[in-house]
1. Mind listing whichever residues of segment 1-49 are at pLDDT 95 or above and on the phi > 0 side of the Ramachandran plot?
2. For segment 4-32, how many residues are of a type in the set (Phe, Trp, Tyr) and under 20 Å from residue 65 (Cα atoms)?
3. Every residue in segment 116-147 that is under 14 Å from the mean Cα position of the chain (by Cα), at pLDDT below 75, surrounded by 11 or more Cβ atoms within 10 Å (Cβ to Cβ) and not hydrophobic (A, V, I, L, M, F, W, C), please.
4. Within segment 102-129, how many residues are among the hydroxyl-bearing types (Ser, Thr, Tyr) and outside any strand (DSSP E or B)?
5. Can you name the strands (runs of 3 or more DSSP E) wholly within segment 1-101 that have at least 1 residues being farther than 16 Å from residue 117 by Cβ and over 20 Å from the mean Cα position of the chain (by Cα)?
6. Of all residues being of a type in the set (D, E, K, R) and not in a loop (DSSP other than H, G, I, E, B) in segment 148-160, which is surrounded by the fewest Cβ atoms within 10 Å (Cβ to Cβ)? Just the residue, please.
7. Which residues, counting only those in segment 198-213, are farther than 17 Å from residue 185 by Cβ and free of Cβ contacts under 8 Å to residues at least 40 places away in the same chain?
8. Quick one: which residue in 190, 174 is within 20 Å of residue 141 (Cα to Cα) and modelled with pLDDT of 90 or more?
Amino acid sequence: MNRYVIVGLGIFGSAAAQALHKQGHDVVAIDRDGELVDRMAPLVTRAVVGDARDRAVLERIGAGGADAAVVSTGDDLSASALAVMALRDLGVREVVAKVVSADHARIVARVGATRTVFPERESAINLALQMTQGAALINYVRLGSGLSIQEMAVPRAWEGQTLRELDLTRAHRVSVVAVHDVLADTTTPVPDPDAPLLDTHTLVVTGDEASLARVAKIR
């Protein structure tokens, strides 16, 4: 079990806190808003009213022993940067900061954030891809320059065939890294290459953006 500190209990921070706690982790949540803290208290290990910009406050709640932290303080750039700095000063190695602009991302990265997340931008890109590439595309994540991963419905042309028969690496320059059975709600990483694909499956596929775009349009 790992310990996580969640700073800021807006929609993003609250969702992260609940998801981590449901996975069985020790989650300490902190916010200056007592109402938000009261609502979150039954859903995490510990919820505290406090100012995460203050290193002493973070130290008192045990942030120094955390494996990672998520800083989600809305559009308050100053509070976000100071909380990141305080967590890093306490020795937290991984600090993820939710940002609201490219400038926000640059600033928190300079003061120690190991990763930034821009949910509004990423959601908009995902939506645009789904709208332009059709209903087959369910989810899309850009991992870095030239590499992305997407979840897509099995095209009708592929139903009943196996991954070995389709040979997607050669034919389309993409790789299937997992198969999700929607009815059973089970995901199989490193899927069996000889198992036939069903219309109830979705595929988690990785490759370069151009190849993924072409595959998403297959019907």
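1. Residue satisfying the conditions is 8 alone.
2. 1
3. 122, 126, 139, 140, 142
4. 2
5. Numbers: elements: 3-7, 26-31, 46-49, 68-71, 94-98.
By residue number, 26-31, 46-49.
6. 156
7. 210, 211
8. The unique qualifying residue is 174.
The values are calculated or read from the model by the stated rules, or taken from the named source; none is laboratory data. Predicted, not measured: the structure shown is a model, and the values here were computed from it. For neighbour counting, all protein chains shown are included, and Cβ atoms are generated from backbone atoms with ideal geometry for every residue, glycine included.
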